[in-house]
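The structure under discussion appears below in the form of structure tokens.
Bear in mind these aren't lab numbers, they're just calculated from the coordinates by the rules spelled out. Just so we're clear, the structure is a prediction, and the values are computed from it rather than from any experiment. No Cβ is skipped: glycine too gets one built from the backbone with ideal geometry, and neighbour counts run over all protein chains shown.
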């Protein structure tokens with residue numbers, strides 16, 4: 001990994017925030033790839049896991065992705081998904097709609113950035129990614 005633009009002014013908090021912002025930018029790029037691949041726009045993104053507890057991170061994800069982001073009450077929905085799939089396979093649930101009724105939203109985050117500001121942030125991110133390339137010879141990677 002590469003840290004771009006670091007100065008003596010930056011603190012541990014800046015580095016932590018940069019890491020969280022990077023995760024949001026990367027997720028946003030995955031959303032864009034999914035939309036291009038599927039040919040449809042994502043109406044809503046559902047998140048779970050440890051980072052999902054951080055309102056600031058999830059709001060930033062909504063902002064840079066221009067997507068509505070929903071966080072469930074149960075943050076371990078990835079593990080629950082496995083249980084739900086197994087339950088469907090053995091007949092515990094007859095259809096997906098039964099499972100959808102169990103999934104409860106805790107919070108929903110909607111994009112709040114102006115489009116021009118979002119584009120500016122994404123350009124800056126893209127520039128940082130481009131500048132991070134080529135630091136190692138290809139045989140060292």
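So the label point goes 7 Å from the Cα of residue 51 along Cα→C-beta, right? Which residues of region 6-24 then have their backbone N under 13 Å from it?
Only 16-24 fall inside the zone, counting backbone N under 13 Å.
Sum -39500 (n - 2.57) across every DSSP H segment of at least 4 residues in the chain, then divide by the residue count to get the 222 nm mean residue ellipticity, nearest 500. Each step should come with its number before you reach the end.
Numbers: 5 runs with 76 residues, N = 141.
Dividing the helical sum by the residues of the chain leaves -17500 deg cm²/dmol.
Enter the angle in degrees (range 0 to 90, nearest 10) between the Cα long axis of helix 77-90 and the first principal axis of the Cα atoms of the chain, meaning the one along which they spread out most.
That works out to roughly 30 degrees.
Could you give the length gained by full extension between residue 35 and residue 12, i.e. 0.36 nm per residue of separation minus their alpha carbon distance, to one decimal place?
Working: separation 23, 0.36 × 23 = 8.28 nm, distance 3.50 nm.
Computed gain between residue 35 and residue 12 is 4.8 nm.
For the residues 25, 60, 9, what sequence is obtained by ranking on other C-beta atoms within 10 Å, fewest first? Can you show the working numbers first?
On the way: 25 20, 60 23, 9 6.
Starting with the residue having the fewest Cβ neighbours, the order is 9, 25, 60.
What is the distance in Å between the Cα centres of region 41-108 and region 110-135?
So the two Cα centres are separated by 26 Å.
Working from the alpha-carbon coordinates of region 48-93, get Rg over Rh, Rh being the Kirkwood radius. Before the final figure, lay out the partial values.
On the way: Rg = 13.9 Å, Rh = 12.1 Å.
Taking Rg over the Kirkwood Rh, I get 1.15.
Using only the alpha carbons, work out the radius of gyration and Dmax of the chain in angstrom.
Gyration radius and largest Cα-Cα distance of the chain: 18.5, 60 Å.
Between residue 137 and residue 86, 0.36 nm times their residue separation minus their Cα-Cα distance comes to what? It would help to have the intermediate numbers written out before the result.
Details: separation 51, 0.36 × 51 = 18.36 nm, distance 4.57 nm.
Fully extending the segment from residue 137 to residue 86 adds 13.8 nm.
What do you get for the angle between helix 115-131 and the principal long axis of the chain? Use alpha-carbon atoms, 0 to 90 degrees, nearest ten.
Taking the Cα atoms of the chain, the angle to 115-131 is about 70 degrees.
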